[in-house]
1. Considering only residues that are under 13 Å from Asp183 (Cβ atoms) and either under 18 Å from the mean Cα position of the chain (by Cα) or hydrophobic (A, V, I, L, M, F, W, C) (or both), look in the stretch 216-243 and name the one that is nearest to ligand 2 (Cβ to nearest atom).
2. Search the stretch 57-80 for residues being within 16 Å of ligand 2 (Cβ to nearest atom) and not in a loop (DSSP other than H, G, I, E, B), and hand back the single one that is surrounded by the most Cβ atoms within 10 Å (Cβ to Cβ).
3. Which count do you get for residues in the stretch 218-271 that are open to solvent by less than 40 Å² (accessible area, probe 1.4 Å), assigned to a strand (DSSP E or B) and within 16 Å of ligand 1 (Cβ to nearest atom)?
4. Which strands (runs of 3 or more DSSP E) sit wholly inside the stretch 93-199 and have at least 2 residues that are open to solvent by 10 Å² or more (accessible area, probe 1.4 Å) and closer than 23 Å to Ser229 by Cα?
5. Please count how many residues of the stretch 236-256 are touching a strand residue (DSSP E or B) at 6+ places or on another chain (Cβ under 7 Å) and either in contact (Cβ under 8 Å) with a residue 12 or more places away in the chain or of a type in the set (A, V, I, L, M) (or both).
6. In the stretch 19-44, what count of residues is obtained for those that are open to solvent by 10 Å² or more (accessible area, probe 1.4 Å), in contact with a helix residue (DSSP H, G or I) (Cβ under 8 Å, 6 or more places away or on another chain) and either assigned to a loop (DSSP other than H, G, I, E, B) or over 10 Å from Leu63 (Cα atoms) (or both)?
7. Are any of the residues in the stretch 2-17 hydrophobic (A, V, I, L, M, F, W, C), open to solvent by 30 Å² or more (accessible area, probe 1.4 Å) and either away from ligand 2 (no atom under 16 Å from the Cβ) or part of a strand (DSSP E or B) (or both)?
8. Just to be sure I understand, how many residues within the stretch 200-217 are touching a Gly at 6+ places or on another chain (Cβ under 7 Å) and outside any strand (DSSP E or B)?
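The values are calculated or read from the model by the stated rules, or taken from the named source; none is laboratory data. Remember, predicted model here, so these are calculated numbers, not experimental data. Here the Cβ positions follow ideal geometry from the backbone for every residue, glycine too, while neighbour counts run over all protein chains shown. Quick note on the areas: whole protein, heavy atoms, side chains included, nothing else; ligands and nucleic acids left out. Shrake-Rupley method; radii C 1.70, N 1.55, O 1.52, S 1.80 Å.
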Amino acid sequence: MSPRVRIAHLSDPHFGTILPGVAEGLLATLAELKPDLVLLTGDITQRARRSQFRAAKEFVRQLKPVPAIAVPGNHDIPLFNIFARLFYPYWSFKNLFKDLLEKDYVYNGVRVTGLNSTSRWRHVQGDFNIERIRRRLDKPHSGIKVRIAAFHHPMDCAKHVDEKNLLRGREEAILALHDAQVDLVVGGHIHDPFVCLSHHRYPGVPRSMILSVAGTCLSWRTRKGAPNSFNLIDVEPTDRPRISITRYDIRESMRFTPEKTHEFECQGSTGWGHLSSNET
Ligand SMILES: [Fe+2]
Ligand SMILES: [Fe+2]
């Protein structure tokens, strides 16, 4: 049997805006699914308050022994405290999440790289330093079969209304991701789960990547038609790798169950191809 690396991609929990029972339901579902990694792509808190980061830290503590890594979202930077926003925007995040922030995770031929896309100046679209991203992604490829990059801000979206929320400078970012042979780019921010291949929005990028956005896993700040959800990413890191992405939606029982699965396969120099999409 080929090895499998299982990643639970959670986004936008917005601690401070969570209804009773939802976090417990997510923890119970994850305990059954037994991921190798939990990946948190930002908006961990609603207003970057210490009490909200403490609640998030307690949630992460309950994931153990599963490792977790995280990138910040725009809501993890103080909004109303202008002094904090300008001079120490990541103080609370770093103080409470220092062992999780923007880390690399390498396991069984899969590398996940967390990349900060937030900016104290640009709340909606984020920003990034391209040289820093290239440095973070510039790692030896020996033994690595699948590379995953994680931002908060998404590279693509399903609805026209979300175009304004896509990562600022994404055309430059996608070239850096391509050059680093990234296979899958994940994000959050818009609370509207979406999976596609990169060549639709970025036809000039020769090697196709998978782009995946997770919804909000815990917050009541949901969008129409997108209840609380997360994405379960199963990676087969073989010489012809495969990736499946299954969206799990919350049900009335407060458990999360599979809603839709997308299957992809790496097809050599042209990159990733779509095999199937199934409602479950
Ligand atoms: Fe959010
Ligand atoms: Fe956000």
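1. The initial filter retains those residues of the stretch 216-243 that are under 13 Å from Asp183 (Cβ atoms), namely 233, 235-238, 240-243.
Narrowing further to those that are either under 18 Å from the mean Cα position of the chain (by Cα) or hydrophobic (A, V, I, L, M, F, W, C) (or both): 233, 235, 243.
On the way: Ile233: 20, Val235: 25, Ile243: 24 Å.
Of everything passing the filter in the stretch 216-243, Ile233 is nearest to ligand 2 (Cβ to nearest atom).
2. Restricting to residues being within 16 Å of ligand 2 (Cβ to nearest atom) and not in a loop (DSSP other than H, G, I, E, B), the top hit is Val71.
3. Total meeting the criteria: 5.
4. Values: elements: 104-107, 110-114, 146-150, 184-187, 194-197.
Because the criterion is at least 2 residues that are open to solvent by 10 Å² or more (accessible area, probe 1.4 Å) and closer than 23 Å to Ser229 by Cα, the strands (runs of 3 or more DSSP E) in the stretch 93-199 that meet it are 194-197.
5. Step one: list which residues in the stretch 236-256 are touching a strand residue (DSSP E or B) at 6+ places or on another chain (Cβ under 7 Å), which gives 236-237, 240-251, 256.
Going one step further and asking which of them are either in contact (Cβ under 8 Å) with a residue 12 or more places away in the chain or of a type in the set (A, V, I, L, M) (or both), we end up with 236-237, 240-250, 256.
Adding up the residues that qualify gives 14.
6. Residues in the stretch 19-44 being open to solvent by 10 Å² or more (accessible area, probe 1.4 Å), in contact with a helix residue (DSSP H, G or I) (Cβ under 8 Å, 6 or more places away or on another chain) and either assigned to a loop (DSSP other than H, G, I, E, B) or over 10 Å from Leu63 (Cα atoms) (or both): 1 in total.
7. Residues of the stretch 2-17 hydrophobic (A, V, I, L, M, F, W, C): 5, 7-8, 10, 15.
Checking the rest, the ones that are also open to solvent by 30 Å² or more (accessible area, probe 1.4 Å) come to none.
Checking the stretch 2-17: not a single residue is hydrophobic (A, V, I, L, M, F, W, C), open to solvent by 30 Å² or more (accessible area, probe 1.4 Å) and either away from ligand 2 (no atom under 16 Å from the Cβ) or part of a strand (DSSP E or B) (or both).
8. Initial filter on the stretch 200-217 (touching a Gly at 6+ places or on another chain (Cβ under 7 Å)): 207-209, 213-214.
Still in the list and also outside any strand (DSSP E or B): 207, 209, 214.
Here the count works out to 3.
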